[in-house]
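Taking it in order: structure first as structure tokens, then the write-up.
The values are calculated or read from the model by the stated rules, or taken from the named source; none is laboratory data. Note that the structure is predicted; figures quoted are calculated from it, not measured. Cβ sites come from the backbone with ideal geometry, for glycine too, and all protein chains shown count toward neighbours.
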Amino acid sequence: MNLRTALKWFFLLFCIIFTFQYIYVSLLTDIFVLQIYRPSSYQHVLEPMLISLSGSLPVMILVRSETSRIPPYVHWIAHALLTLVLVCGLLIYLGWVDFSIWLIIPAIGFISVYIPSVFFVKRYLHEQKKAQQNSADREQLLHRIDELMHQYTAMRKFKHDQCNIFSSMDIFATDENWVGMKHYYNDKIKPAFAVITEGDFALESLTRINIQEVKSILTIKLSMAQNLGINTTFEADAAIDDIPIDSITIVRMLGILLDNAIEELSTLKMGTLFVACFKKNGSTNFIVQNTCRPNIPSLRTLRQPGFSTKGKGRGLGLDTLFELTDSLPNLTVLTSVKDEMFTQKLMIASEV
Amino acid sequence: MLHIFICEDNDVHRTKLESVISKHLLLNDFDMSLALSANNPTTLLDNIKTHTGRNGLYFLDVDLQCDINGIELAVEIKKLDVSATIVFVTTLSEMSHLVFKYKVEAMDYIPKDIPANEAERRIAECMQVAYQRFLDGKHSSIKYFTIKIGDQVLNTPYRDILYFESSVNQRHKLLLHTTDSILEFRGHINDVARLGSPFIMCHQSYVVNLDKIRQVDKVNRLIEISNGDTITISRRRIAEILQSMNVVI
């Protein structure tokens, strides 16, 4: 445990103890047990301030530890209550109001409203995350449907062509024009056949990936790249049956990496996308490599949150990627640029 | 001495390889010899097993017409000869260059279908580079920073490391910066702060390689690294850094 964590916990503990001590010992004992009201207890503005501070700080820390992004309304609630407590304290201090109820109500109100709101915020954040995930899944599904439609069209076109080919061959056969048929085969069918097999051959190794989700994201993205006219290859030297990582996470990560690579290649209008998946000494390795522009910004710049080669508002991808990678102890990521080749390598250890 | 091994099932190709290698052994004054030219992986592996402790440069055919292929053979060789340098010779462009490069850490892969003089040039280049590496390995003890990913080991020479960074957004990971790459791995900055020379902690989130500092900006408390990156120095460490730099220079 380092100093920062230790301090944080110490502070949290201090705040909790202080709150309880103040509420129960000072306030509640006075009023409900001893049935007396001592104005001196409340004569300092400092005390109500401390109540709210000691109440709000642990909450802030709790929320911060959950996520670094605190929604604005948490602050609003905190500030509203803080002001209320301060105003009441001030009124008592000045002697304008001397009902202890004026202080107890906001203090209790504060605690009963604020603490549940933390749980509410937590749930809200959780749901937001889930919604984000759902929309990502939905987008992927839509992509897949698109891809299926595309394949269906391609298939229909192929069927149509095949019919034409056979019928024309039929004509040659009926006429017994063997020379013409030979020419027809060499000039038309052979090159067409080459085109058909070329693309598929490059992605043949995808059949070695036996994890459905991973296979489907790779198929979608790689065939998308091929359809965009990007020279794409996929390598896997042996069957991949398991990856020691949550499959949704790996799918999201691969999605981001492949999207970035495809985006760069489609802007460049040249270059190649190389993707590989293999096991080495028991750990799983994914490599996504693409040709990149010669004047690529430094790797450090690329990793900045929100940075994108496409200008503001884009580039959330890598940011999300590093957020994902942080929570995965068995993942190591190597990013490199060499000879106009941008390479991202994910290395997943089988055990932590 | 650096030993050269060939494993190729096709006699024509094997003879060609042998002749090219012998020619370059004659042309250059290398401390190298052609140890074995085998037509199957078993002979090669047996030979390595009986003569352990040798440094080898291996030219391997990928499709060996045998129960194991060149890639699997390379993995076996690596187990016996850790510092093995492997070059693949392949028919057609069997699309596996990433696997060659990253899984087996092959130095090169030479397609058989390229023009003969081009192939010869690349073979010569491989021999040159392998020999240089062999000499480097013999004469200096290069220090490596090692990261283990399960059983997979990732070595980065100290001389390639610019600095380590612990990221604010990623509290469980460390970033290792080199000239052309960033490696993100699980670790804590205090662990790398203990590495010692030439590394020194200049800030609670940075450990820098003293040899890679281009200049120190004392006013703004910034260090410029040889690749142009700038990192901050904390006030209380600035004197220490300057002093250590003077020692180095």
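Hey, could you check region A:206-236 for residues that are charged (D, E, K, R) and crowded, with 21+ Cβ neighbours inside 10 Å and say which is farthest from A:PHE286 (Cα to Cα)? Going through the qualifying residues, I end up with A:LYS221.
Of the helices (runs of 4 or more DSSP H) lying entirely inside region A:233-352, those carrying at least 3 residues that are facing another protein chain (nearest Cβ under 10 Å) and at pLDDT below 85 are A:299-302, A:316-326. Contact annotation: no residue pair with Cβ atoms under 8 Å, 6 or more positions apart or on different chains, pairs a residue in region B:184-199 that is of a type in the set (S, T, N, Q) with a partner that is part of a strand (DSSP E or B) and surrounded by fewer than 16 Cβ atoms within 10 Å (Cβ to Cβ). Only a single criterion out of (1) polar (S, T, N, Q); (2) exposed (fewer than 15 other Cβ atoms within 10 Å of the Cβ); (3) within 14 Å of chain A (Cβ to nearest Cβ) is not satisfied by B:GLN170, namely (2).
The set of residues from region B:231-247 being part of a loop (DSSP other than H, G, I, E, B) and β-branched (Val, Ile, Thr) comprises just one member, B:ILE233.
Taking the listed residues B:ASP136, B:ASP160, the one that is among the acidic types (Asp, Glu) and away from chain A (no Cβ under 13 Å) is B:ASP136, with no other qualifying. Of all the residues that make up region A:223-237, how many are in contact (Cβ under 8 Å) with a residue 60 or more places away in the chain and within 19 Å of A:LYS279 (Cβ to Cβ)? Total satisfying the criteria: 0. Pairing each residue of region B:94-107 that is facing chain A (nearest Cβ under 7 Å) with any residue that is modelled with pLDDT under 75 and surrounded by fewer than 24 Cβ atoms within 10 Å (Cβ to Cβ), provided the two are 6+ apart or on different chains, yields C-beta distances under 8 Å for B:MET95/A:ALA202. The listed residues are B:ASN220, B:ASN190, B:ASN209, B:ASN227, and the only one of them that is farther than 30 Å from A:PHE278 by Cα, more than 14 Å from every other protein chain (Cβ to nearest Cβ) and surrounded by fewer than 17 Cβ atoms within 10 Å (Cβ to Cβ) turns out to be B:ASN220.
Based on what the data block shows, is A:ALA239 under 30 Å from B:LYS79 (Cβ atoms), surrounded by fewer than 19 Cβ atoms within 10 Å (Cβ to Cβ) and over 19 Å from the mean Cα position of the chain (by Cα)? Yes: the conditions hold for A:ALA239. Only one of the listed residues (B:GLY137, B:GLY70) is surrounded by 22 or more Cβ atoms within 10 Å (Cβ to Cβ) and in contact (Cβ under 8 Å) with a residue 40 or more places away in the chain. That residue is B:GLY70. Kindly list the number of the only condition in (1) touching a strand residue (DSSP E or B) at 6+ places or on another chain (Cβ under 8 Å); (2) within 19 Å of B:TYR158 (Cα to Cα); (3) of a type in the set (Ser, Thr, Tyr) that fails for B:THR230. Going through (1) touching a strand residue (DSSP E or B) at 6+ places or on another chain (Cβ under 8 Å); (2) within 19 Å of B:TYR158 (Cα to Cα); (3) of a type in the set (Ser, Thr, Tyr) one by one, B:THR230 breaks only (2).
Put simply, of B:ILE249, B:ILE225, B:ILE182, B:ILE241 the only residue that is modelled with pLDDT of 90 or more, over 30 Å from A:ILE348 (Cα atoms) and of a type in the set (Val, Ile, Thr) is B:ILE225.
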